[in-house]
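K.L.:
There's a structure below that I have some questions on.
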Amino acid sequence: MNVIECTELGKRYRRTWALRNCTLSIPAGHVVALVGPNGAGKTTLLNLAVGLATATAGAVSVLDGIPAGSPDALDRIAFVAQDAPLYKNLPAGAMLGVARNLNRRWDDQRARSRLAGLGIPLNKKVGQLSGGQKAQLALTIALARRPDLLVLDEPLAALDPLARHDFMVSVMETVTADGISVVLSSHVVAELERVASYLIVLSSGQVTVSGKADELVAAHGTSLEQIVLASMRESESGVAA
């Protein structure tokens with residue numbers, strides 16, 4: 001099964017293509033690192049996959065052929081953006097209540113138990129939480145939906161090193177316990193190299209590398225970080241030429 005499948009997918013904003021001719025299949029059962037420089041098209045691709053944007057060209061489906069953005073897809077995918085919509089004046093417990101009312105699939109006991117385990121008080125306002133605690137609250141809301149696919153768009157960008165480590169530990173514990181697929185975007189591949197089993201590199205709106213992490217490392221004889229850097233250099237050279 002493919003959790004995301006794109007065929008000649010493109011998204012244009014006025015005269016600028018943010019993503020173009022993207023043909024890609026992401027198999028289930030992986031923690032997928034979606035990497036590339038700022039402006040490469042990562043967020044655009046993820047927004048199209050989770051139904052937050054409409055394609056200008058091509059098609060995208062999820063979870064073995066379900067149209068992206070359809071009710072079935074929305075029920076089975078959880079999305080955490082860098083600027084997760086958390087209301088700073090609400091207590092964490094009330095934030096769970098808002099999320100519960102907005103989602104058909106919801107495990108309230110799991111959400112409350114997870115926050116308790118993390119030491120995040122339900123009566124503390126979101127605006128008083130640390131950056132790491134806010135990220136964990138957003139992740140908790142996503143996991144309470146019991147998704148088949150978890151999509152995370154630059155969730156580490158605003159976190160300090162300890163919070164980044166704790167967040168990734170939480171993600172990997174969930175992968176182990178629930179067996180869900182994860183697509184995690186970042187422009188810093190070093191943060192993902194320890195956990196990613198599948199790599200996709202985007203540059204200038206197009207896929208330049210795609211494959212299982214161990215096979216790519218074996219084929220190139222170097223680290224994932226070096227594979228990403230080499231791919232981006234080649235892409236920039238092609239654009240310059």
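Here, each number is a calculation from the coordinates, and none is a lab measurement. None of the values given here were measured: they were computed from a predicted structure. Cβ: placed from backbone, ideal geometry, glycine included. Neighbour counts: every protein chain shown.
K.L.:
Let me test this: with uniform point scatterers at the alpha carbons of the range 1-135, what is the Debye-based log₁₀ I(q)/I(0) at q = 0.10, 0.11, 0.20 1/Å?
P.N.:
Results for the range 1-135 at q = 0.10, 0.11, 0.20 Å⁻¹ read -0.43, -0.52, -1.16.
K.L.:
A further question follows. If N is the number of residues in the range 32-102, what value comes out of its Cα radius of gyration divided by 2.2 N^0.38 Å?
P.N.:
1.32
K.L.:
What do you get for trypsin sites (Lys or Arg not before Pro) in the range 1-80 restricted to DSSP loop and a cutoff of at most 16 other Cβ within 10 Å of the site's Cβ?
P.N.:
Arg14, Arg15
K.L.:
Just want the answer: with Cβ charges of +1 for Lys and Arg and -1 for Asp and Glu, which residue in Asn47, Gly97, Pro27 is farthest toward the dipole's positive end in the chain?
P.N.:
Result: Gly97, furthest along the dipole toward the positive end.
K.L.:
Based only on other Cβ atoms within 10 Å, what is the fewest-to-most ordering of Leu63, Leu9?
P.N.:
Leu63, Leu9
K.L.:
Here's something else I'd like to know. Expressed as an acute angle from 0 to 90° and rounded to the nearest 10, what is the orientation of the C-alpha long axis of helix 224-240 relative to the principal long axis of the chain?
P.N.:
50 degrees
K.L.:
How large is log10 of I(q)/I(0) for the range 156-241 at q = 0.19, 0.23 Å⁻¹ when the intensity is taken from the Debye formula with one equal scatterer per alpha-carbon?
P.N.:
-0.94, -1.19
K.L.:
Report the semi-axes of the equivalent ellipsoid for the range 147-200 in whole Å, largest first, where each axis is √(5λ) for an eigenvalue λ of the Cα gyration tensor.
P.N.:
On the way: eigenvalues 60, 34, 21 Å².
Those come to 17, 13, 10 Å.
K.L.:
Same structure again: What does DSSP give for the chain in terms of the percent of beta bridges that are antiparallel, rounded to the nearest 5? Show your work: numbers first, answer last.
P.N.:
Details: 22 of 40 bridges.
Here the share of antiparallel DSSP bridges comes out near 55 percent.
K.L.:
How big is the range 108-186 by Rg and Dmax over its Cα atoms, in Å?
P.N.:
So, for the range 108-186, Rg and Dmax equal 12.1, 33 Å respectively.
K.L.:
Tell me the mean residue ellipticity at 222 nm calculated for the chain from its helices only (DSSP H runs of n ≥ 4, each -39500 (n - 2.57), averaged over every residue, nearest 500).
P.N.:
Helix-only estimate at 222 nm: -12000 deg cm²/dmol.
K.L.:
Can I ask one more? Out of every Cα-Cα pair in the range 90-145, what percent are more than 15 Å apart? Could you put the intermediate results ahead of the total?
P.N.:
Values: 554 of 1540 pairs.
Pairs farther apart than 15 Å: 36 percent.
K.L.:
Could I ask something else about it? What is the spin-label model distance, in nm, from Ala28 to Asn123 if the labels are put 7 Å beyond Cα along the C-beta direction?
P.N.:
With each label placed 7 Å out from Cα toward Cβ, I get 4.4 nm.
K.L.:
Let me ask something else. For the range 1-73, count the residues as N, evaluate 2.2 N^0.38 Å, and divide the Cα radius of gyration by that value, please.
P.N.:
On the way: Rg = 11.8 Å, N = 73, 2.2 N^0.38 = 11.2 Å.
Expressed relative to 2.2 N^0.38 Å, the Cα Rg reads 1.05.
K.L.:
Dipole size in debye (nearest 20) for the chain around its Cα centre, Lys and Arg Cβ +1, Asp and Glu Cβ -1?
P.N.:
940 debye
K.L.:
Treat each spin label as a single point 7 Å out from the Cα along the C-beta direction, and report the Thr176 to Ala116 distance in nm.
P.N.:
Spacing of the two 7 Å Cα→Cβ label points: 2.2 nm.
K.L.:
Right, next: Tell me, what is a quarter of the convex hull surface for the C-alpha atoms of the range 116-157, in nm² with one decimal?
P.N.:
On the way: hull surface 13.9 nm².
Mean projected area of the Cα convex hull: 3.5 nm².
K.L.:
Among all the lysines, which ones have a C-alpha under 24 Å from Lys42's C-alpha, if same-chain residues fewer than 8 places away are not counted?
P.N.:
Lys11, Lys134, Lys212
K.L.:
The range 1-21 to the range 110-143: how many Å between their Cα centroids?
P.N.:
Centre-to-centre (Cα) distance: 34 Å.
K.L.:
Turning to a different aspect of this structure: Which whole-percent values make up P(r) of the chain when all C-alpha to C-alpha distances are grouped in 10 Å steps starting at zero?
P.N.:
All Cα pairs, binned at 10 Å, distribute as 7, 32, 35, 20, 5, 0 percent.
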